[in-house]
Amino acid sequence: MSQPLSHPALSDADPELAALVGAEEQLQADTLRLIPSENYVSAAVLEATGTVLQNKYSEGYAGRRYYEGQQNIDQVETLAVERAKAVFGVEHANVQPYSGSPANLAAYLAFAEPGDTVLGMALPMGGHLTHGWGVSATGRWFRGVQYGVRPGSALIDFDEVRDLARKERPKIIFCGGTAVPRTIDFAAFGEIAREVDAVLVADIAHIAGLVAGGAHPSPVPHADVISTTTHKTLRGPRGAMLMSRASHAKAVDKAVFPGLQGGPHNHTTAAIAVALREAAAPSFRDYAHAVVANAKALAEALLARGYDLVSGGTDNHLVLIDLTSKDVPGKVAAKALDRAGIVVNYNTVPFDPRKPFDPSGIRIGTPSLTSRGLGTDRMPLVAEWIDRSVQAAAKGDEDALAVIRGEVAELLAGYPAPGLPTD
Ligand SMILES: *Cc1c(COP(=O)(O)O)cnc(C)c1O
């Protein structure tokens with residue numbers, strides 16, 4: 001057992017809550033976390049989120065606030081903005097969106113009117129809810145038209161995207177997604193957006209860290225607006241940013257505040273600044289490339305074990321496994337893996353014959369295990385654990401899952417996670 005972190009004030013004031021935090025620290029230390037949208041932030045990022053910056057109201061932007069007492073906050077936000085501009089090579093950055101979904105909503109507010117047409121990738125094909133999917137406010141308040149991927153290759157069909165754009169004349173085109181294992185061709189999207197005079201929003205929530213580290217092509221200069229969360233591969237706090245050309249700066253800023261939000265979360269802004277400083281360091285380039293190398297190695301090892309991967313592999317941090325040929329539903333596999341100490345999520349695969357709440361696939365990714373220092377040499381073992389867990393799930397073999405859980409914890413004890421208890 002590892003030593004718990006100490007949270008003396010919390011333990012004293014609310015032992016019940018402190019115990020839950022401690023249990024979560026243990027869980028994150030002992031399990032192999034393969035959810036591709038998750039990560040481990042550094043101790044410095046964690047500390048920044050727990051500072052007295054939390055106590056301030058700061059509606060407005062640096063130098064243009066509606067509250068006094070902003071001497072320090074203005075500098076914090078300016079640091080975050082300047083670092084975002086430098087890391088991503090953009091002319092403008094807004095670091096105030098509360099999270100990825102509100103950031104995207106701000107893009108709608110900036111560049112479309114209710115009822116306008118927007119074009120995005122369909123959720124079951126790998127897109128995000130906020131790209132105009134029906135159950136989302138974005139699909140209720142706007143006319144969402146959706147593109148998909150080709151059957152077979154599972155690659156985006158740019159003929160379809162161009163045809164839809166010409167026919168539907170969207171105000172905004174979204175590219176990027178949550179279950180896209182291949183490189184996003186920002187140039188191709190940019191060409192189509194320019195042809196139909198649409199605003200191209202590149203949603204790089206999942207791959208921002210890869211873009212920052214040079215392990216995925218940048219959407220600059222093809223996209224008009226870049227939306228990103230800060231808590232996925234970028235390894236910052238839960239938050240988001242909108243970046244753009246200077247010509248769109250005003251529209252973006254007005255949409256975030258006062259259009260959509262009130263006071264910015266200054267403690268989050270501070271932690272974003274810290275994460276961006278980390279992302280500017282040479283070691284982050286190594287991290288981003290290691291994430292991709294690990295994902296490719298993991299994909300190879302799974303293919304060698306007879307697994308079907310959507311698009312046949314990966315270019316980034318994410319692998320989408322279609323379990324149809326294994327005769328194990330995604331949810332059954334995900335729950336068995338959880339019992340084996342391997343945390344994934346069940347996921348639809350393109351053209352999934354099963355229902356979204358009980359789909360055919362699982363989605364895995366390497367950002368978290370790479371943050372712990374696991375390298376490509378360990379990926380065959382990770383694939384073996386996944387394979388044994390899926391087989392155990394098929395047979396209902398709980399003993400086999402318990403054995404794997406022990407092996408996982410034993411290996412991970414040698415790879416301490418940033419910000420978490422160590423032995
Ligand atoms: C995660 C994600 C979002 C939403 O971010 P939240 O912080 O969960 O609201 C938006 N777009 C894409 C592509 C994402 O992956």
Exercise for the section: Could you pull out every one of the helices (runs of 4 or more DSSP H) wholly within region 1-71 that has 2 or more residues that are closer than 30 Å to ALA383 by Cα and either in contact with a Pro (Cβ under 9 Å, 6 or more places away or on another chain) or open to solvent by less than 50 Å² (accessible area, probe 1.4 Å) (or both)? Expected result: 15-30
Completion exercise
Of the listed residues (GLY148, GLY176), the one being within 16 Å of the ligand (Cβ to nearest atom), closer than 19 Å to ALA223 by Cα and not hydroxyl-bearing (Ser, Thr, Tyr) is GLY176
Completion exercise
Reported set for region 200-222 where residues are away from the ligand (no atom under 16 Å from the Cβ) and within 20 Å of ALA165 (Cβ to Cβ) is PRO221, HIS222
Problem - Boolean, VAL135 is away from the ligand (no atom under 11 Å from the Cβ) and within 28 Å of ALA281 (Cα to Cα) - result: no
Problem - Where a residue in region 220-231 is closer than 14 Å to ALA110 by Cβ and its partner, wherever it lies, is near the ligand (Cβ under 8 Å from one of its atoms) and open to solvent by 10 Å² or more (accessible area, probe 1.4 Å), with Cβ under 6 Å and at least six apart - result: SER227/ASP203
Practice task
Could you name every one of the strands (runs of 3 or more DSSP E) located completely within region 289-402 that has at least 2 residues being modelled with pLDDT of 95 or more and open to solvent by 20 Å² or more (accessible area, probe 1.4 Å)?
Solution key: 345-347
Practice task
Report yes if THR314 is within 26 Å of GLY89 (Cβ to Cβ) and not assigned by TED's automatic domain parsing to the domain that holds TYR57, otherwise no.
Solution key: yes
Exercise for the section: Filter region 223-239 for residues that are within 12 Å of the ligand (Cβ to nearest atom) and among the hydrophobic types (A, V, I, L, M, F, W, C) and give the result. Expected result: ILE226, LEU234
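The values are calculated or read from the model by the stated rules, or taken from the named source; none is laboratory data. If you're wondering where the values come from, they're calculated on a predicted model, not measured in any experiment. Here Cβ is always computed from backbone atoms with ideal geometry, including for glycine, and neighbour counts include all displayed protein chains. These area figures cover heavy atoms from the full protein model, side chains too; ligands, DNA and RNA do not enter into them. Shrake-Rupley method; radii C 1.70, N 1.55, O 1.52, S 1.80 Å.
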